[in-house]
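Everything below concerns the one structure shown next.
The values are calculated or read from the model by the stated rules, or taken from the named source; none is laboratory data. The model shown is predicted, which means the values in this text are computed figures rather than measured ones. For neighbour counting, all protein chains shown are included, and Cβ atoms are generated from backbone atoms with ideal geometry for every residue, glycine included.
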């Protein structure tokens, strides 16, 4: 809502080593949003255990650098995962292992928090620094370094407050949900997988001139007659495929268990200076029936805002 003052915790430039890049059973790249929100939730629980009653209600992720550990030779068609050198077993052979896709990251987290007073913020920041150094992992990777976390207030609709946050996060790319692209394609008759691939596929074509010279060109699907931005597949949650119940040897003997499969949708990496509201980069938990999701609440408080946002989208793509 315009006029809402958001209390933000920003942890700049977290360097994560060997994060899990296998974000779903069939996508590789930037870690799943469930990993980022899960790490923030774990941080909240550790703080609550120290009698710091903070509540982290939303999380934004801004990527500054990513080094995916894959290799592709000059004449290779596909990339290969760069594996780790595990120790030899007692026979001198390599032990059997499942290849894991890894990446090294430099990210900043923007976390909306509540339920804590101004006087308690310094205690929270000190505890966060200690936890990140001592016992935390993010997306399965080790935290090598980070800049000092700090708190800032940002009023939605206040350009000056927004620019302060944008300067902190630049240069970088905020991950934005673009489920709307898939919904639009599906409303025109495509199924979910075709809609996903349609925006990700790179098409190649060739043209031959009168002299017989062949010119190759590549292109991706456009939106409003312009490129559809930096679109990527992202894992945003899970879909339960079994009933709730007990399972043998489950980690938590109290919480009911169920089997689930990953949910994949489209996302967009967008530079922070192109966002209009902080809410546009924040992700929140959402559950409904068999769906357990990480979603964004698209900022729109009136028809005029919706119209202006559509115009902004058309002008920036």
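Determine whether the stretch 176-191 contains at least one residue that is part of a strand (DSSP E or B), over 21 Å from residue 296 (Cα atoms) and over 18 Å from the mean Cα position of the chain (by Cα). For the stretch 176-191, residues part of a strand (DSSP E or B), over 21 Å from residue 296 (Cα atoms) and over 18 Å from the mean Cα position of the chain (by Cα): absent. If you scan the stretch 280-294, which residues turn out to be over 17 Å from residue 63 (Cα atoms) and surrounded by 22 or more Cβ atoms within 10 Å (Cβ to Cβ)? The answer is 294, and nothing else. Note on the stretch 172-223: residues that are farther than 25 Å from residue 26 by Cβ and surrounded by 12 or more Cβ atoms within 10 Å (Cβ to Cβ) amount to 1.
Consider the stretch 68-80 and keep the residues that are surrounded by 12 or more Cβ atoms within 10 Å (Cβ to Cβ) and within 30 Å of residue 169 (Cα to Cα). The one that is nearest to the chain's Cα centre (by Cα) is 68.
Annotation: residue 22 fulfils all but one of (1) in contact (Cβ under 8 Å) with a residue 40 or more places away in the chain; (2) under 30 Å from residue 165 (Cβ atoms); (3) within 17 Å of the chain's Cα centre (by Cα); the unmet one is (2).
Take the conditions at pLDDT 95 or above and either in a loop (DSSP other than H, G, I, E, B) or under 19 Å from residue 292 (Cβ atoms) (or both) and apply them to residue 41. Does it pass? Considered against the rule, which asks whether it is at pLDDT 95 or above and either in a loop (DSSP other than H, G, I, E, B) or under 19 Å from residue 292 (Cβ atoms) (or both), residue 41 comes out as yes. Of all residues in the stretch 257-267, those satisfying the criterion of being surrounded by fewer than 19 Cβ atoms within 10 Å (Cβ to Cβ) and either in a strand (DSSP E or B) or under 15 Å from the mean Cα position of the chain (by Cα) (or both) are 257, 260, 261, 262. Restricted to the stretch 274-317, and to residues there that are part of a loop (DSSP other than H, G, I, E, B) and at pLDDT below 50, the residue that is farthest from the chain's Cα centre (by Cα) is 302.
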